[in-house]
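Notes to accompany the following structure.
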Amino acid sequence: MEPIDLRHAGNYRDLGGVKTEDGRVLKKGMLIRGTELSRINDKDISLLRKRYGLRTIIDLRTKKEAAEKPDIQIDGVSYYLMPVFDEAVLGISHEKKVHSIKSLLCLPDMTMLYRQMVSSENLSNISNILKKILLLPNDSFSVIFHCSAGKDRTGVLAALLLLFLGVDRNIVLSDYLYTNRGKHLKAYLAYVAGLIFQRSRIFARKLKGYLLAEQEYIQASLSALEESYGSVENYFSQELKFSEKEILSIKDKFLEASVSGQI
C-alpha cells in the first residue's frame, strides 16, 4: 500500500503490495482509491498517468454529486459514473458537506449508513461495481475508484475487492483505518468543541464520526452481508456468479507471486 501525494485531491493510495492469505501480492498500479477529482491540476494528472498508468475512473457518487463537482476529464482515461446510493438516498450520505448543526444532527447513525450500503436496495449497485472493476481488461488499469471523501463508499468497495482477492480481514481493516492518518487530533478537537459549544455528547460523537473512519462502521457492512448470505464469500458466490475458471483468471490478473521478505 502506497500513499499517493496529489496536490488537489486527498486520501489517495495505491493498494498494490497488499499480501493475500495464500502468500500472493496485489500488483501495484492496479487498484487506487481516493476522493473526487474536480480540482486536480496538470501535475496531478501527470503523476497518475505516468507513474501509476491511470486508464479508468469509477465514480461512486450520485449523479447530482458528480454534476456539482465533476471530475476533470483526462485524455485517454475512461470514466464511469456508478453510484453506490440511488439518488433518493443522497441526503443521508455523510460525505456531503454539512451546512449547519441541524443537518449534522439529522444524519443517521454511521453503522446504519454502512449497513444500508449493502442493503437490498443498494446491493445490486455494489455488485455491479465490483464486477465492472474485476472484469476490466488488462489494458484498462490502473483504475481509480472514488466517492467524495474517499472514506465510506470507497472504503466498503475497497474492503470487498480485497476480500474477494483473498486478503486477510485484519489487513482489510487496516487499509480502511489508514484513512484516519493525520486526522485524530482534528477529530478530537471537533469532539471537544461539540461538547463545549453544543453541550451535547450526541452532537460531539456525530461530529467525530463525520471525520473519522471507525472499525465498527466497516464491520457493520460486512456483518450485514454475513447475516444475509452466511458469509462474505457466499455473497461473492451468489451475487457475482463467477465460475471457478473466472475467479482464477481474475486473481491472476490482480495478483503476483510474493517477493521474499515483502510485507
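The values are calculated or read from the model by the stated rules, or taken from the named source; none is laboratory data. Since the structure is predicted, the reported quantities are computational estimates derived from the model, not experimental observations. Every residue, glycine among them, receives a Cβ derived from its backbone with ideal geometry; neighbour counts consider all protein chains shown. When the accessible area is computed, the model is the full protein with side chains, heavy atoms only, and any ligands, DNA or RNA have been set aside. Shrake-Rupley method; radii C 1.70, N 1.55, O 1.52, S 1.80 Å.
Tabulated results
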{"item": "Accessible area of Lys19 in the full protein assembly, 1.4 Å probe (Å², nearest 10)", "result": "70"}
{"item": "For Arg115, solvent-accessible area (1.4 Å; no DNA, RNA or ligand), Å²", "result": "90"}
{"item": "Two-site FRET efficiency, Glu256 against Met112, from Cβ-Cβ distance with R₀ of 35 Å, rounded to 0.05", "result": "0.35"}
{"item": "Pairs beyond 18 Å (Cα-Cα), from Lys27/Lys251; Lys27/Lys253; Lys50/Lys132; Lys131/Lys241; Lys50/Lys151", "result": "Lys50/Lys132; Lys50/Lys151"}
{"item": "Segment 118-180, accessible area per residue, ligands and nucleic acids excluded (1.4 Å, Å²)", "result": "27"}
{"item": "Carbon plus sulfur fraction of accessible area for segment 1-74, probe 1.4 Å, in percent", "result": "44"}
{"item": "Additional length obtainable on full extension of the chain from Ser237 to Asp22, 0.36 nm per residue less Cα span", "result": "75.5 nm"}
{"item": "Exposure rank, largest accessible area first [Met112, Met1; 1.4 Å]", "result": "Met112, Met1"}
{"item": "Ranking by accessible area, most exposed first, for Asp168, Asp75, Asp139 with a 1.4 Å probe", "result": "Asp75, Asp139, Asp168"}
{"item": "Inter-probe distance in nm under a simple model that places probes 7 Å from Cα toward Cβ, at Ser124 and Lys245", "result": "2.9"}
{"item": "Exposure of Asp22 as accessible area (Å², to 10), given a probe of 1.4 Å and all protein chains", "result": "110"}
{"item": "Order of exposure, largest accessible area first, which applies to Lys63, Lys131 with probe 1.4 Å", "result": "Lys63, Lys131"}
{"item": "Two-site FRET efficiency, Ser228 against Asp42, from Cβ-Cβ distance with R₀ of 41 Å, rounded to 0.05", "result": "0.35"}
